[in-house]
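See structure below.
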Amino acid sequence: VQLQASGGGLVQAGDSLRLSCAASGRTFSSYAVGWFRQAPGKDREFVAGISSGGRLAYYADSVKGRFTISRDNAKNTVYLRMNSLKPEDTAVYYCAADEKHYANTDYQKWGYWGQGTQVTVSS
């Protein structure tokens, strides 16, 4: 499966953004999808994950209540709605897919990756 993330940009603190992760491949609905982010000088960290069917989601504590992950398998797309953005959310955001568990926070366990999209939140 091939992934392409988009939707990043420069926003102010408190604003919202919606990231999209478009996938190719007829078996996309068989894959869990996760969003990760990486800030300069920091490790890649888990943000949110969603099960293949879209019924189950898991969030990092740092984004719980502000971010929502969803998917539309008919459109082969996963979304990350980000509300109440903070400067500490600034990072390159990546989407990833794997046939295994949607809540795996270890980025090394995810098999497929898209290119990143930059999110910058100014204070």
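The values are calculated or read from the model by the stated rules, or taken from the named source; none is laboratory data. None of the values given here were measured: they were computed from a predicted structure. Don't worry about glycine lacking a Cβ; one is built from the backbone with ideal geometry, like all the others, and counts go over all protein chains shown. Each accessible area value is taken on the protein alone, full model and side chains, heavy atoms only, with ligands, DNA and RNA left out. Shrake-Rupley method; radii C 1.70, N 1.55, O 1.52, S 1.80 Å.
Any residue in the stretch 29-50 that's among the aliphatic types (A, V, I, L, M) and at pLDDT 95 or above: show its pairings with residues that are part of a loop (DSSP other than H, G, I, E, B) and open to solvent by less than 10 Å² (accessible area, probe 1.4 Å) at Cβ separation under 7 Å, as long as the two are six or more apart or on different chains.
47/63; 48/63
Can you spot a residue in the stretch 61-74 that is under 19 Å from residue 7 (Cα atoms), exposed (fewer than 14 other Cβ atoms within 10 Å of the Cβ) and touching a residue at least 24 places away in the same chain (Cβ under 8 Å)?
No, there is no match, as no residue in the stretch 61-74 is under 19 Å from residue 7 (Cα atoms), exposed (fewer than 14 other Cβ atoms within 10 Å of the Cβ) and touching a residue at least 24 places away in the same chain (Cβ under 8 Å).
Could you tell me how many of the residues in the stretch 104-119 are surrounded by fewer than 16 Cβ atoms within 10 Å (Cβ to Cβ) and under 15 Å from residue 9 (Cβ atoms)?
The total comes to 1.
Report, ordered by the first and then the second residue, all pairs with beta carbons closer than 9 Å, sequence separation of six or more or different chains, a first member in the stretch 98-122 that is within 26 Å of residue 84 (Cβ to Cβ) and touching a residue at least 40 places away in the same chain (Cβ under 8 Å), and a second member that is of a type in the set (Val, Ile, Thr) and not in a strand (DSSP E or B).
118/90; 119/90; 120/90; 121/90; 122/90
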